[in-house]
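Student: I'd like to ask some things about the structure below.
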Ligand code: GUN
């Protein structure tokens, strides 16, 4: 009998849960961008994005590759700068200065992380705010903080779009974010606040993490640890968004969420791969369009 009830519970859980298909939604976004890019090309503008990668981080190389593939898909010219691990902060800033001055370059992206001897915040500060397609320059960060979003973090905008596409309301919801990085969690929390969510940011020093995560209508994990979010941390019917991208020893990719167990508890969930990742790339392309419009 108890086995029967268990199976019923699990089946019911599955029926009520929907996997948010980030890959499919990202393709829709890329189609929108393609239309915008064609209009620029009629005006003899060749949208151009410069991507800089310093060092040999294997994961970063894959992310940059995905960004260049998206550029090709939508018709953005991509200039790639692969700089040596020993590149100095000054050399990197000199390249940024050159790209800032180049009117043919509309967007500049410095892939994070950079080697330890470089202070990435110093470099983000040097990117022309109008070309700052990641939204990490303090001017764009500040605008986000006061609710005047313009060039804003691609992952944050991608997640907002995923929720919008599924008609999941953000206003008034308890959004709990695990992680406090400048790259993902902080801009994301501001994006959610700007859309009238009540936000909680949890991190490694949070006392009783589960007590917080259980209150989440929308639970977002950006930790970078496989199976970090377990089903006992999730409220029944919550929306679970997995920003983590982790590579296991056997080479497979997974997120932060123990997907197979958590999926039975929530109303919506994203997968890794095929969830937030493609949306980050698609919104980078959207930001290239935005940057061009700002520079016209
Ligand atoms: N590293 C991981 N995610 C990102 C991102 O969205 N932008 C940049 N520049 N680096 C990253």
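Computed from the coordinates by the stated procedures, all read-outs in this text should not be read as laboratory data. Keep in mind the model is a prediction, meaning the values are calculated, not measured. Because the Cβ atoms are built from the backbone with ideal geometry, glycine has one as well, and the counts that use them run over all protein chains shown.
Student: What do you get for the angle between helix 154-165 and the principal long axis of the chain? Use alpha-carbon atoms, 0 to 90 degrees, nearest ten.
Tutor: 50
Student: Okay, next question. Using Cα pairs closer than 8 Å and at least 6 residues apart in sequence, work out the relative contact order for the chain, in percent.
Tutor: Relative contact order, the chain: 22 percent.
Student: Quick one: grab the alpha carbon gyration tensor of the chain, order the square roots of its eigenvalues as a ≥ b ≥ c, and give me rounded if a/c is under 1.5, else prolate or oblate depending on whether a/b is larger than b/c.
Tutor: prolate
Student: Turning to a different aspect of this structure: Only bridges whose two residues both fall in the chain count here: according to DSSP, what percent of them are antiparallel, nearest 5?
Tutor: 5
Student: Please label the shape of the range 152-269 as rounded, prolate or oblate, based on the square roots a ≥ b ≥ c of the eigenvalues of the alpha-carbon gyration tensor (a/c under 1.5 means rounded; beyond that, a/b larger than b/c means prolate, else oblate).
Tutor: Rounded shape, in that the Cα axes give a/c under 1.5.
Student: Separate question: Which ordering of 279, 192 is given by a fewest-first count of other beta-carbon atoms within 10 Å?
Tutor: Ascending number of Cβ neighbours within 10 Å: 192, 279.
Student: Oh, and also: Ranked highest first by the average count of other Cβ atoms within 10 Å around their residues, in what order do 56-62, 25-31, 156-162 fall?
Tutor: Per-residue Cβ counts within 10 Å, averaged per peptide and sorted highest first, yield 156-162, 25-31, 56-62.
Student: Sort all Cα-Cα distances of the range 34-149 into consecutive 5 angstrom bins from zero, then give the percent of pairs in each bin up to the one containing the longest distance.
Tutor: Percent of Cα pairs in each bin: 2, 11, 20, 21, 20, 15, 7, 2, 0.
Student: Any idea what the relative contact order of the range 161-213 is, in percent, if you count C-alpha pairs under 8 Å spaced at least 6 apart?
Tutor: 38 percent.
Student: Same structure, new question: Between the helical axis of 89-101 and the dominant principal axis of the chain, each derived from Cα atoms, what acute angle in degrees is found, rounded to the nearest 10?
Tutor: Approximately 70 degrees, to the nearest ten.
Student: Let me know the shape class of the range 140-179, please: from the alpha-carbon gyration tensor, a ≥ b ≥ c as square roots of the eigenvalues, rounded when a/c is under 1.5, otherwise prolate if a/b is greater than b/c, or oblate.
Tutor: Taking the square roots of the gyration eigenvalues as a ≥ b ≥ c, the range 140-179 is prolate.
Student: Can you give me the angle between helix 58-74 and the longest principal axis of the chain, using Cα atoms only, in degrees from 0 to 90, rounded to the nearest 10?
Tutor: Orientation of helix 58-74: about 70 degrees from the principal axis.
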